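The values are calculated or read from the model by the stated rules, or taken from the named source; none is laboratory data. These figures come from a predicted structure and were not determined experimentally. Every residue, glycine as well, gets a Cβ built from its backbone with ideal geometry; the counts of neighbours run over all protein chains shown. The area values use the complete protein model at the heavy-atom level, side chains included, leaving out ligands, DNA and RNA. Shrake-Rupley method; radii C 1.70, N 1.55, O 1.52, S 1.80 Å.
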Amino acid sequence: VQLQASGGGLVQAGGSLTLSCAASGSILSLNIMGWYRQAPGKQRELVATITSGGRTNYADSVKGRFTISRDNAKNTMFLQMNNLNSEDTAVYYCAAGVILPTGSWGQGTLVTVSS
């Protein structure tokens with residue numbers, strides 16, 4: 001399955017954005033889907049994951065601010081990001097497969113938070 005991430009952009013600190021990750025086929029068989037991000041000069045980090053059963057997991061840095069979800073009917077995964085701050089500035093990637101980080105990856109979408 002191919003993934004396409006979208007929804008990034010420029011937002012002021014404290015603002016919100018919703019990222020989308022559209023799959024080219026059914027996501028029902030995808031055991032786990034997730035969002036990663038990579039800030040300039042930093043290593044890639046896992047932001048959030050969601051299993052086929054709906055179990056979610058978040059990095060400590062985004063807990064309480066970000067919400068991951070998936071719409072199996074639309075073959076799409078989302079990342080609702082609230083109360084954004086400058087440390088959230090990064091290229092965000094979606095990924096999916098049996099286990100992560102192996103599997104399919106989408107192209108990145110840039111999120112820039114201005115202070």
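Could you count how many residues in the range 94-110 are open to solvent by 60 Å² or more (accessible area, probe 1.4 Å) and in a strand (DSSP E or B)? Step through it out loud before you land on a result.
From the range 94-110, those open to solvent by 60 Å² or more (accessible area, probe 1.4 Å) are 98-99, 101-102, 105, 107, 110; that's our starting set.
Retained after the next criterion (residues that are in a strand (DSSP E or B)): 105, 107, 110.
Counting residues in the range 94-110 that are open to solvent by 60 Å² or more (accessible area, probe 1.4 Å) and in a strand (DSSP E or B) gives 3.
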Enumeration of residues in the range 38-57 that are surrounded by fewer than 18 Cβ atoms within 10 Å (Cβ to Cβ) and touching a Phe, Trp or Tyr at 6+ places or on another chain (Cβ under 9 Å): Gln38, Arg44, Glu45, Leu46
Among the numbered criteria (1) in contact with a strand residue (DSSP E or B) (Cβ under 6 Å, 6 or more places away or on another chain); (2) loosely packed, with under 14 Cβ neighbours inside 10 Å; (3) of a type in the set (Lys, Arg), which one does Lys63 miss? (1)
Tell me, yes or no, whether the range 23-41 has at least one residue that is in a strand (DSSP E or B), of a type in the set (Ser, Thr, Tyr) and within 13 Å of Gly108 (Cβ to Cβ). yes
Under the condition of being without any contact (Cβ under 8 Å) to a residue 60 or more places away in the chain and open to solvent by less than 60 Å² (accessible area, probe 1.4 Å), which residue from the range 1-25 is farthest from Asp88 (Cα to Cα)? Gly25
